[in-house]
Amino acid sequence: MGFQTEFNSVCKFKSDQELYELLEYGKGKMVKKGFRVYPTGQKVIAYTPSNQAIAIVRVLASIAEINFQGEEVTQVEMELVRKLTEEEARVQTALAEEMFFGEQ
């Protein structure tokens with residue numbers, strides 16, 4: 001058991017439904033496997049399941065727990081600050097591919 005720090009301030013959605021709810025309602029949450037620490041109160045870039053930058057979000061809460069199935073999970077609650085413009089999304093996506101999502 002240990003915490004993994006999301007040092008790069010990236011929120012990558014694994015679920016299209018979680019992302020849809022954030023974009024549709026302005027608030028949402030995502031659930032990640034394992035214990036993680038997200039920068040509560042800070043703005044971060046949100047990415048789609050296909051690694052495309054899509055929005056700026058503010059992390060409201062990061063709750064690490066063991067669920068009823070005995071799995072370590074972290075729920076990250078966030079609010080939408082704004083969607084990225086096409087140009088911003090293109091640049092952020094390219095940078096994230098090189099820095100986070102590309103081959104190590």
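The values are calculated or read from the model by the stated rules, or taken from the named source; none is laboratory data. All values derive from a computational prediction rather than experimental measurement. Don't worry about glycine lacking a Cβ; one is built from the backbone with ideal geometry, like all the others, and counts go over all protein chains shown. Each accessible area value is taken on the protein alone, full model and side chains, heavy atoms only, with ligands, DNA and RNA left out. Shrake-Rupley method; radii C 1.70, N 1.55, O 1.52, S 1.80 Å.
Would you check if Lys27 is more than 19 Å from Ala89 (Cβ to Cβ) and in contact with a strand residue (DSSP E or B) (Cβ under 6 Å, 6 or more places away or on another chain)? Don't jump to the end; show me each part of the working.
On the way: more than 19 Å from Ala89 (Cβ to Cβ): yes; in contact with a strand residue (DSSP E or B) (Cβ under 6 Å, 6 or more places away or on another chain): yes.
Answer is yes for this residue.
Residue-wise test of (1) open to solvent by 30 Å² or more (accessible area, probe 1.4 Å); (2) modelled with pLDDT of 95 or more.
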| position | (1), (2) |
| --- | --- |
| Thr40 | yes, no |
| Ile54 | yes, yes |
| Ala61 | no, no |
| Gln69 | yes, no |
| Val73 | no, no |
| Glu79 | yes, yes |
| Glu87 | yes, yes |
| Arg90 | yes, yes |
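Would you please name the residue that is modelled with the highest pLDDT, looking only at residues in the stretch 1-26 that are farther than 27 Å from Gly70 by Cβ and part of a loop (DSSP other than H, G, I, E, B)? Once the filter is applied, the top-ranked residue is Gly26. Residue-level analysis places Lys29 among those that are touching a helix residue (DSSP H, G or I) at 6+ places or on another chain (Cβ under 9 Å), modelled with pLDDT of 90 or more and open to solvent by 70 Å² or more (accessible area, probe 1.4 Å). The criterion of at least 3 residues that are more than 11 Å from the chain's Cα centre (by Cα) is met by the following strands (runs of 3 or more DSSP E) wholly inside the stretch 27-85: 35-37, 53-66, 72-83.
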